[in-house]
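For reference, the structure is listed below as structure tokens.
The values are calculated or read from the model by the stated rules, or taken from the named source; none is laboratory data. Because the structure is a prediction, the values reported are computed rather than measured. Side chains included, ligands, DNA and RNA excluded: accessible areas come from the protein's heavy atoms. Shrake-Rupley method; radii C 1.70, N 1.55, O 1.52, S 1.80 Å.
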Amino acid sequence: QKSMGMCEERINKLERICFKWGSEHTSKQETAWDEMFEELKQFKAKHGHVDVPRRYAENQKLGNWVMNQRQAYRKYKAGFVQSNSGICEERIDRLESIGFIWTRNQATSSIQET
């Protein structure tokens, strides 16, 4: 549980670096995010990129997850940091390490160039 006496600014700073608040719910979210990240890596191994279509027939859950990561990133960059958004600096770095592109247009043009 978040500290009752902690100011919003401090909470936001902690959440930007993926601070774990210690709840069982958070652990389940971490595990679910890691599982989807592994599925994304498998998609990349198969297709050579990580631009999963939103309506990807083989794994629609993965397509939705990629879309959700992009939405969470936009909010994060706009200053809306929420622990339930699922995005933080560590996850951004992990996604970018496998070539994740944050906007659909960039992703599409990147695929066409290869």
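Quick notes
- Among Tyr56, Tyr76, the order of accessible area from largest down is Tyr56, Tyr76, computed with a 1.4 Å probe on protein heavy atoms.
- Fully extending the segment from Arg74 to Thr31 would add 13.2 nm, taking 0.36 nm per residue of separation and subtracting the current Cα-Cα distance.
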